[in-house]
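The values are calculated or read from the model by the stated rules, or taken from the named source; none is laboratory data. Being a predicted model, the structure only gives us computed values, none of them experimental. Please note: Cβ atoms are built from the backbone with ideal geometry, for glycine as well, and neighbour counts cover all protein chains shown.
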Amino acid sequence: MPAKTPSPVTLAGRHVRLEPLTPDHIPDLFAAGGGDDEVWRWLGTETPRTEDDLRAVAAGLLAQGDFYLPFAAVDLRTGRAVGWTTYMDWDERDERLEIGWTWYGRSAWRTGVNTEAKLLLLTHAFEELGMGRVQWKTDHMNTRSQNAIARLGAQREGTHRRHRLRPDGSWRSSVYFSMLIDEWPAAKARLSARLEEG
């Protein structure tokens, strides 16, 4: 059975609900991470200083609907959006997609939100969309992100040198990771166990 094109869907767990990102999420999202340089440090865009700034960033992401499918991450403890994450760069023929353009406000750091969000996205990608490969890429200086991706069970593949121009004019190299369908069952078991441990 061929892989399917990602389409808007709501994915719910015990800690987080991923729902299609809309402008209605902007007030919560700005409260969660707007103006926080550490949240936006590695994201390839200037830190949004106002709700309108964040609305413009989200509008740019939403305008690329053929290439990006962003989800608002709603923390079920509060019912408020605390970040977003995105399916991107998919190819049904080659059975692959990327998870990226992800950020969470500090209130979600070191909680079950990111782990469960990745579990939901990976389950949907491998088990419902029929993907055979999921990839991530991150700034070579963003060790926190690299460690988080590795903890998912993804394999580090290598580095694309001088890959992107950062907003400050310096150059980013991108570290690539991937997970394949045959690696997914073991990764799913580890992620599920981590969530159970709290």
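Checking segment 168-186 against the condition returns a match, with at least one residue being surrounded by 15 or more Cβ atoms within 10 Å (Cβ to Cβ), farther than 18 Å from Glu98 by Cα and either among the aromatic types (Phe, Trp, Tyr) or within 19 Å of the chain's Cα centre (by Cα) (or both). As a summary of the residue check, Arg41 satisfies the conditions (1) out of contact with any Leu (no Cβ under 6 Å at 6 or more places or on another chain); (2) modelled with pLDDT of 95 or more except for the one numbered (2). Applying the criterion of at least 1 residues that are under 20 Å from Leu76 (Cα atoms), in contact (Cβ under 8 Å) with a residue 40 or more places away in the chain and not small (Gly, Ala, Ser) to the helices (runs of 4 or more DSSP H) found wholly in segment 22-62 leaves 26-33.
When each of Arg172, Arg162, Arg144 is tested for being free of Cβ contacts under 8 Å to residues at least 60 places away in the same chain, in a strand (DSSP E or B) and either in contact with a Leu (Cβ under 7 Å, 6 or more places away or on another chain) or over 16 Å from Phe126 (Cα atoms) (or both), the lone residue that passes is Arg162. For segment 86-103, the tally of residues that are surrounded by fewer than 16 Cβ atoms within 10 Å (Cβ to Cβ), touching a Lys or Arg at 6+ places or on another chain (Cβ under 9 Å) and outside any strand (DSSP E or B) stands at 2. Would you confirm whether any residue within segment 33-52 is of a type outside the set (Ser, Thr, Tyr) and under 14 Å from Arg80 (Cβ atoms)? Within segment 33-52, one or more residues are of a type outside the set (Ser, Thr, Tyr) and under 14 Å from Arg80 (Cβ atoms). Can you find even one residue in segment 111-127 that is surrounded by fewer than 18 Cβ atoms within 10 Å (Cβ to Cβ) and not in a helix (DSSP H, G or I)? Yes, because at least one residue in segment 111-127 is surrounded by fewer than 18 Cβ atoms within 10 Å (Cβ to Cβ) and not in a helix (DSSP H, G or I). Of the set (1) at pLDDT 95 or above; (2) closer than 25 Å to Thr45 by Cβ; (3) surrounded by 13 or more Cβ atoms within 10 Å (Cβ to Cβ); (4) among the basic types (Lys, Arg), all apply to Arg161 but (3). Candidates Pro2, Pro48, Pro23, Pro6: the one that is modelled with pLDDT of 95 or more and out of contact with any Phe, Trp or Tyr (no Cβ under 8 Å at 6 or more places or on another chain) is Pro23. Taken together, the criteria exclude Pro27 from residues that are in contact with a helix residue (DSSP H, G or I) (Cβ under 7 Å, 6 or more places away or on another chain), surrounded by fewer than 15 Cβ atoms within 10 Å (Cβ to Cβ) and farther than 22 Å from Ala125 by Cβ.
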